[in-house]
Every structure is written in C-alpha cells, then in structure tokens.
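After the structure tokens below, expect a handful of questions from me.
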Amino acid sequence: MTTHILAIDDSRTIRSLLTMTLEDAGFSVTTAVDGVDGINKFKETDADLVITDVNMPNKDGFGVIEDIRGGDKNRGVPVLVLTTESGAALKERARKAGATGWIVKPFDDDSLVSVIRRLTGA
C-alpha cells in the first residue's frame, strides 16, 4: 500500500516542490492551501503523515497540530513542521502541541524522504 502524505502550505511553490519530491519517492500526496483546508482534508483522507507550515492564513501550523492531536481521527499520525522559522521557542511550542519533527526550508529532498520513511515505516 502506498504511503499517503498530506502537505499543508500556503505557498504554491512549496506545495509543488513537495508533491514532485514525494511522488518521485513513491508516496501519494494531497495538498492543502492553509490550516483550515488542511484539517478538512485530514478528516477526508487517511494520511500516514502530515507536513505543515507554521505561518499560514486562517489557521497556523500550531492550530493544525492541536486540531489533529485533539481530534477523533488518527490522532497519533506523525506531524512534521516545515517552515522558514528556526527559533527555539517556536520549536518548543510545536513539540508541546504534538509535532513529531521540525524541518527548516529550503528542505533537502533526500533528507525529507528519509525522515518520512523512518517515521512511516515505508
């Protein structure tokens, strides 16, 4: 069975890069344009892992993580934060919300794929 990734980012360029990188690595990908769209798509799909940006309109990445961890569906799914931010306080906030890991943009394709495979067992 193909590992399914939900990628949430308000940047069309990042969504395209993630889709291309992850599909080339054999994953199936659903994208969302902001946190609200991401949570809706999370509820509609069976994501094996979620990648979320932090700074987005409508609902930020922290809200996404909190909604996933506090919801009824797949609460334990790994959630990677992919952002330009690198501050220790933001990383701690993400960890407390329930993030599994933190990756700083721009991402390295091979490293991202390796982390996803390790977290999903793919």
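From (1) out of contact with any Asp or Glu (no Cβ under 9 Å at 6 or more places or on another chain); (2) surrounded by 14 or more Cβ atoms within 10 Å (Cβ to Cβ), pick out the condition that doesn't hold for Glu92.
Tallying (1) out of contact with any Asp or Glu (no Cβ under 9 Å at 6 or more places or on another chain); (2) surrounded by 14 or more Cβ atoms within 10 Å (Cβ to Cβ), Glu92 fails exactly one: (2).
While we're looking at this one, here's another question. Restricting to region 78-117, what's the tally of residues that are farther than 20 Å from Asn40 by Cβ, in a helix (DSSP H, G or I) and not basic (Lys, Arg)?
So the answer is 13.
Which count do you get for residues in region 1-15 that are open to solvent by 70 Å² or more (accessible area, probe 1.4 Å) and assigned to a helix (DSSP H, G or I)?
Residues in region 1-15 being open to solvent by 70 Å² or more (accessible area, probe 1.4 Å) and assigned to a helix (DSSP H, G or I): 2 in total.
May I ask you to list the residues in region 73-89 that are open to solvent by 70 Å² or more (accessible area, probe 1.4 Å) and of a type in the set (Lys, Arg)?
If the condition is that a residue be open to solvent by 70 Å² or more (accessible area, probe 1.4 Å) and of a type in the set (Lys, Arg), then Arg75 is the only one that fits.
State which residue pairs qualify: first residue at pLDDT 95 or above and inside region 57-77, second residue of a type in the set (S, T, N, Q) in any location, beta carbons under 6 Å apart, and separation of 6 or more residues or different chains.
Pairs found: Gly61/Thr52; Val64/Thr52.
Right, something else. Quick one: would you say Phe42 is crowded, with 22+ Cβ neighbours inside 10 Å and more than 22 Å from Lys96 (Cβ to Cβ)?
Considered against the rule, which asks whether it is crowded, with 22+ Cβ neighbours inside 10 Å and more than 22 Å from Lys96 (Cβ to Cβ), Phe42 comes out as no.
For region 39-61, what are the residues that are touching a strand residue (DSSP E or B) at 6+ places or on another chain (Cβ under 9 Å) and part of a helix (DSSP H, G or I)?
Correct list: Ile39, Asn40, Lys41, Phe42, Glu44, Gly61.
Of (1) closer than 18 Å to Met1 by Cβ; (2) part of a loop (DSSP other than H, G, I, E, B); (3) out of contact with any Asp or Glu (no Cβ under 9 Å at 6 or more places or on another chain), Arg75 satisfies all except one. Which?
(1)
Step by step: first the residues of region 63-72, then only those that are outside any loop (DSSP other than H, G, I, E, B) and of a type in the set (Asp, Glu), then the one that is least open to solvent (accessible area, probe 1.4 Å). Which residue is that?
Once the filter is applied, the top-ranked residue is Asp67.
Condition first: hydrophobic (A, V, I, L, M, F, W, C) and out of contact with any strand residue (DSSP E or B) (no Cβ under 7 Å at 6 or more places or on another chain). Now tell me which residues in region 3-34 satisfy that.
Within region 3-34, Ile14, Leu17, Met20, Ala25, Val33 meet the criteria.
Considering only region 79-111, state which residues are over 14 Å from Asp53 (Cα atoms) and in contact with a Leu (Cβ under 9 Å, 6 or more places away or on another chain).
Residue satisfying the conditions is Asp109 alone.
Continuing with this model, one more query. In region 102-122, what residues are buried (at least 18 other Cβ atoms within 10 Å of the Cβ) and not β-branched (Val, Ile, Thr)?
Phe107, Leu112
Out of (1) touching a Leu at 6+ places or on another chain (Cβ under 9 Å); (2) open to solvent by 30 Å² or more (accessible area, probe 1.4 Å); (3) closer than 17 Å to Trp102 by Cβ, what's the single condition that is false for Asn55?
That leaves (1) as the condition not met.
The values are calculated or read from the model by the stated rules, or taken from the named source; none is laboratory data. Model, not experiment: these values are computed from the prediction. All Cβ positions, even for glycine, are placed from backbone atoms using ideal geometry, and neighbour counts span all protein chains on display. Accessible surface is based on the protein model in full, side chains and every heavy atom, while ligands, DNA and RNA are left aside. Shrake-Rupley method; radii C 1.70, N 1.55, O 1.52, S 1.80 Å.
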